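The values are calculated or read from the model by the stated rules, or taken from the named source; none is laboratory data. Fair warning: this is a prediction, and the values are worked out from it, not measured in the lab. Ideal geometry is used to build each Cβ from the backbone, glycine not excepted, and the neighbour counts take in all protein chains shown.
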Amino acid sequence: MKKLVLLINGRLGIRILEYIISQNEIEITGIIVNSTNKRSSTYLDLVNNVLQQFNKDVPVISFGDSADNYIKIERILKVSDYGISALFGHLLPKKLLEDTECEIINLHPSLLPIGRGADPIPWSIIGEQLQGVTIHIIDSGLDTGGILSQKEFDTNIGMNSGKIYELATDLLFKELENIFTSWINKSIKVSVQSETSSSSHKSIELENIRIINSNEVATFGEFLRKLQALTFSDSRKPSFIDESGRLWSIDISITPDGDKD
């Protein structure tokens, strides 16, 4: 019986929890969720509902909420063989990784090394970069570990960050299903990430550009990409502040005007 810890958030995290519970050869040692200020107020209820549905008694711990929780997480990692991180909004401390032999993989919604760090999808839209997904081993760097799986997918000008995020999370789940058995059996090839330089971002950076000023200068393409990038599936949208200081929410919809001959 292989022992596995989950570090999860979002709808993808719930899908992975249900999937791992269905694996007979896996024992879930613990579930670590985002800290209180980084997760939905109902997320713990969703996790516990799944555990109750499958009659599983598994410790559920919030990351970073207390020193006691850190000790509990450390203990769980030390008794775990494997870990899966899905949209987990925290970096694991280097010491925590060094003190365990648990191999943790991260499901990341970008084509690494493109899009390291927070909000890879909107920054890739703004930077006109390819969109895709990567499953990689977590190391002490920021999204720098060896790659187990990587897939590109097509997007178009009519897709905002929210739509691309939905496509990315669906593809990440499918890729996890594809590699899971070979990963836990140590029969999968690990590829070293490209040395190509790539920028990384923090969450606050995107929030700092969410309000567009009336005197902002950009080409139409740059302006359009920014609106796409700042439109999320959780109803967050870009805003415009006019000369009087009044704030306006921006809704954008782009549809193809017929096919070319």
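Of all residues in the stretch 143-186, how many are out of contact with any His (no Cβ under 9 Å at 6 or more places or on another chain) and not in a helix (DSSP H, G or I)?
Summing the residues that are out of contact with any His (no Cβ under 9 Å at 6 or more places or on another chain) and not in a helix (DSSP H, G or I) in the stretch 143-186 gives 12.
Restricting attention to the stretch 152-189, which residues are β-branched (Val, Ile, Thr) and within 12 Å of the chain's Cα centre (by Cα)?
Result: Thr169, single match.
Looking at (1) outside the structural domain of Glu103 (by TED's automatic domain parsing); (2) surrounded by 14 or more Cβ atoms within 10 Å (Cβ to Cβ); (3) under 17 Å from Gly115 (Cβ atoms), which one does Tyr165 not meet, given that it meets all the others?
(1)
What number of residues in the stretch 187-214 are under 20 Å from Gly89 (Cβ atoms), part of a loop (DSSP other than H, G, I, E, B) and β-branched (Val, Ile, Thr)?
Matching residues across the stretch 187-214 total 1.
Taking Thr219 as meeting all but one of (1) surrounded by 14 or more Cβ atoms within 10 Å (Cβ to Cβ); (2) without any contact (Cβ under 8 Å) to a residue 60 or more places away in the chain, write down the number of the exception.
Unmet condition: (1).
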